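A short worksheet on the structure shown next.
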Amino acid sequence: MFEQTEESDLIKLAVSGNHSAFAELVKRYESPIRSCLRVRLSNIHEAEDLAQETFILAFNKLSQFDIGTSFGAWLRGIAINLLRNYQRKHKALAVGGNAELDDLINAQIEHDFNSDIETTHLDLLRLCLAKLNTDMRTLLMEHFSSGYSLTELCKKYQIAHSTMTMRMFRLRQKLKECVENKMSA
């Protein structure tokens, strides 16, 4: 319904109360926001929850968005702030902890982040995933999308843990090389 609608028009419609327009904005940005959070969290379910919170908060604060600015960057800012709050609340306090290192890493990630590059990388990754045989693609999806641990996958496929870790390593390497080759082409 809104696939061809300009982003600024969708935002105006959503501000005026059109839930379908906001749903289209979510559809356009859910993958980059989820990716942004997944690379920073080890638990996929926590990343999904924070992504959902990001869109809820964005919907509630949509009237504060400046239409002349980047909507994706605004959403990422919300996601990163929610992530920081989450980490602050759930982080174990260690004597001599490395909060400064965490801040430097997060600052570097934010500095290096470019939504166009990330979207390109995701598109290339999807192409490379499609080239894998079905069994390997299923294995990756079970681990990274469905959240199966390596131990659970070892039990499911009845293979040794070392075999599974090597298989996953090789698959990640293969995907990395494929994406890098496509980027340089």
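The values are calculated or read from the model by the stated rules, or taken from the named source; none is laboratory data. Remember, it's a predicted structure, so these values are computed and weren't measured experimentally. Don't worry about glycine lacking a Cβ; one is built from the backbone with ideal geometry, like all the others, and counts go over all protein chains shown. When the accessible area is computed, the model is the full protein with side chains, heavy atoms only, and any ligands, DNA or RNA have been set aside. Shrake-Rupley method; radii C 1.70, N 1.55, O 1.52, S 1.80 Å.
The equivalent ellipsoid that matches the C-alpha gyration tensor of the chain spans semi-axes of 32, 23, 17 angstrom, in descending order.
When ligands, DNA and RNA are left out and all protein chains stay put, how many square angstrom of accessible area per residue does the chain have with a 1.4 Å probe?
That works out to 65 Å² per residue.
For the chain, carbon and sulfur atoms together expose 54% of the accessible surface, with a 1.4 angstrom probe and every protein chain in place. For q values of 0.14, 0.17 Å⁻¹, compute log₁₀ I(q)/I(0) with the Debye formula on a Cα-only model of the range 1-96, without solvent. Summing over Cα pairs of the range 1-96 leads to -0.53, -0.73. In the chain, helices alone account for a calculated mean residue ellipticity at 222 nm of -25000 deg cm²/dmol, with every DSSP H run of four or more residues adding -39,500 (n - 2.57). Place +1 on the Cβ of every Lys and Arg and -1 on the Cβ of every Asp and Glu in the chain, take the dipole about the Cα centre, and give the residue among Thr69, Phe59, Cys128 whose Cα lies farthest towards its positive end. Most positive-ward Cα: Cys128. For the chain, the number of Lys pairs with C-alpha atoms closer than 22 Å, counting only pairs eight or more positions apart or on separate chains, is 7.
Taking the Cα centre of the chain as the origin, how large is its charge dipole in debye, to the nearest 20, when only Lys and Arg (+1) and Asp and Glu (-1) carry charge on their Cβ atoms?
Numbers: 23 positive and 24 negative charges, 160 e Å.
Charge dipole of the chain: 760 debye, to the nearest 20.
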